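One structure is given below, encoded as structure tokens.
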Amino acid sequence: MSRLLVCTDLDRTLLPNGPQPESPGARALFARLVGRPEVSLAYVSGRDPGRVRAAMAEYDLPSPDFVIADVGTTLLSADGEGDWRDDRVWAGEIGTDWGERDGDGLHALVGDVDGLERQEPDRQARFKLSYYTPEKPGDLPGRLQARLDDAGVRARVIWSIDEARGVGLLDVLPASASKYHAIRALARREGLDLEATVFCGDSGNDMEVLVSEVPAVLVANGAPEVIAEARSRSAEQGHERQLYVAMGGFMGMNGCYAAGMLEGIVHFHPGAREWLAP
Ligand SMILES: [Mg+2]
């Protein structure tokens, strides 16, 4: 097998920080897989780069080759010595969607929409404006999108839920920036076709990638509604073969977090199984 680019979400995908238990040894097996010279690793997260580093330290994660942070609005390349360099070309490509505005400028424009509460400063980025919403937001995402459209701002509104905290999370991003677009841009830059790429995720802000033509793994700890939506939308788009929902049983593990990632990666790339042997 030639090269493989593994792109993975962090929270509740590689990080076992949901209610389900993690199978013992699953993360160490994942580290063995991505330690192979054929494999490149990209962390793809809603976190900002500092909070990605914090997760790496807390959960003893392998060093990535690339970091797609702030829900796809920041693309960084690792230099092999622990430093991450910002991809200015990517920032330039997505920045035009918001005109001259950054997150603060956009907040001044739409922050008064009823039901929005701005998240903490370390949850914001130049091209990511993040709010808390009620757990059941009703038509709030739609009202916000309409306001942005009326103002001529090319933005997308992505809503997801933090079940543990019982709060809605809403991100406003440049229309051409998302986990999906950033992964496609990264694969293109690396000269890899989609068969050499695999994405792993668990929830709402992963959905666009999960239902796309990018081979994708939904870990077994994903919420039942997320699994149902991913299955139906990928089938609608003719991508059902590009979605693998982990079920557990692989190497005696439970299919959650890293166990589900490995199960799905081996589904798409059977040759990777021998990389997991001690
Ligand atoms: Mg997640």
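The values are calculated or read from the model by the stated rules, or taken from the named source; none is laboratory data. These numbers were taken from a predicted model, which means no experiment stands behind them. Every residue, glycine among them, receives a Cβ derived from its backbone with ideal geometry; neighbour counts consider all protein chains shown.
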Open item on the list: Given the criteria assigned to a helix (DSSP H, G or I) and surrounded by fewer than 16 Cβ atoms within 10 Å (Cβ to Cβ), does Ala182 qualify?
Closed with: no
Task: Qualifying position, being in contact (Cβ under 8 Å) with a residue 12 or more places away in the chain, within 16 Å of the ligand (Cβ to nearest atom) and touching an Asp or Glu at 6+ places or on another chain (Cβ under 8 Å), among Gly204, Gly168 - done: Gly168
- [ ] Confirm whether Val6 is surrounded by 22 or more Cβ atoms within 10 Å (Cβ to Cβ), at pLDDT 95 or above and within 17 Å of the chain's Cα centre (by Cα).
- [x] yes
Open item on the list: Testing Asp193 on (1) in the same structural domain as Ala216 (by TED's automatic domain parsing); (2) under 25 Å from Ile227 (Cα atoms), one condition comes back false. Which one is that?
Closed with: (2)
Open item on the list: Take residues that are in the same structural domain as Pro270 (by TED's automatic domain parsing) and within 22 Å of Tyr244 (Cβ to Cβ) and tell me which of the helices (runs of 4 or more DSSP H) falling wholly in the stretch 1-111 contain 3 or more.
Closed with: 26-34
Open item on the list: Out of Ala216, Ala235, Ala230, I need the residue that is free of Cβ contacts under 8 Å to residues at least 60 places away in the same chain, among the hydrophobic types (A, V, I, L, M, F, W, C) and more than 16 Å from the ligand (Cβ to nearest atom). Which one?
Closed with: Ala235
Task: Residue within the stretch 159-175 that is of a type in the set (Asp, Glu), assigned to a loop (DSSP other than H, G, I, E, B) and at pLDDT 95 or above present - done: no
- [ ] For the stretch 112-123, enumerate the residues that are in a loop (DSSP other than H, G, I, E, B), touching a residue at least 40 places away in the same chain (Cβ under 8 Å) and within 20 Å of Ser45 (Cα to Cα).
- [x] Gln119
Task: One residue from Arg143, Arg123, Arg156 being surrounded by 16 or more Cβ atoms within 10 Å (Cβ to Cβ), at pLDDT 95 or above and under 22 Å from Glu208 (Cβ atoms) - done: Arg143
Open item on the list: Tally up the residues in the stretch 125-149 that are farther than 17 Å from Ser160 by Cβ and either in a helix (DSSP H, G or I) or outside the structural domain of Asp112 (by TED's automatic domain parsing) (or both), please.
Closed with: 5
Open item on the list: Go through (1) at pLDDT below 95; (2) over 27 Å from Ala258 (Cβ atoms); (3) among the basic types (Lys, Arg) for Lys128 and report which single condition fails.
Closed with: (2)
Open item on the list: Could you tell me how many of the residues in the stretch 95-111 are free of Cβ contacts under 8 Å to residues at least 40 places away in the same chain and among the aliphatic types (A, V, I, L, M)?
Closed with: 1
TODO: State whether one or more residues within the stretch 35-54 are more than 16 Å from the ligand (Cβ to nearest atom), more than 22 Å from Arg188 (Cα to Cα) and in contact with a helix residue (DSSP H, G or I) (Cβ under 6 Å, 6 or more places away or on another chain).
DONE: no
